[in-house]
Amino acid sequence: MVAQKKVALACSVCGSRNYTIAANPNRQERLEIKKFCKYCQKYTLHRETR
Ligand SMILES: [Zn+2]
């Protein structure tokens, strides 16, 4: 298995990097997705970090 480039998804509220996903080289814009943050204890907007 080839090592995939990973990016983190950081909570936009508290800044915690709660998720890592495989980077998609075909996608240039920054991913923003609603995910559960265990620190905020609710669904918040998470942004891709590089
Ligand atoms: Zn949070």
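Every number in this text was worked out from the coordinates using simple rules, so none of it is lab data. The structure displayed is predicted, hence computed values, not measured ones. So basically every Cβ, Gly included, is an ideal-geometry build from the backbone, and we count neighbours across all protein chains shown.
State the number of residues belonging to region 11-20 that are more than 9 Å from the ligand (Cβ to nearest atom) and in contact (Cβ under 8 Å) with a residue 24 or more places away in the chain.
2
More than 10 Å from the ligand (Cβ to nearest atom), touching a residue at least 12 places away in the same chain (Cβ under 8 Å) and small (Gly, Ala, Ser): does that describe Ala8?
yes
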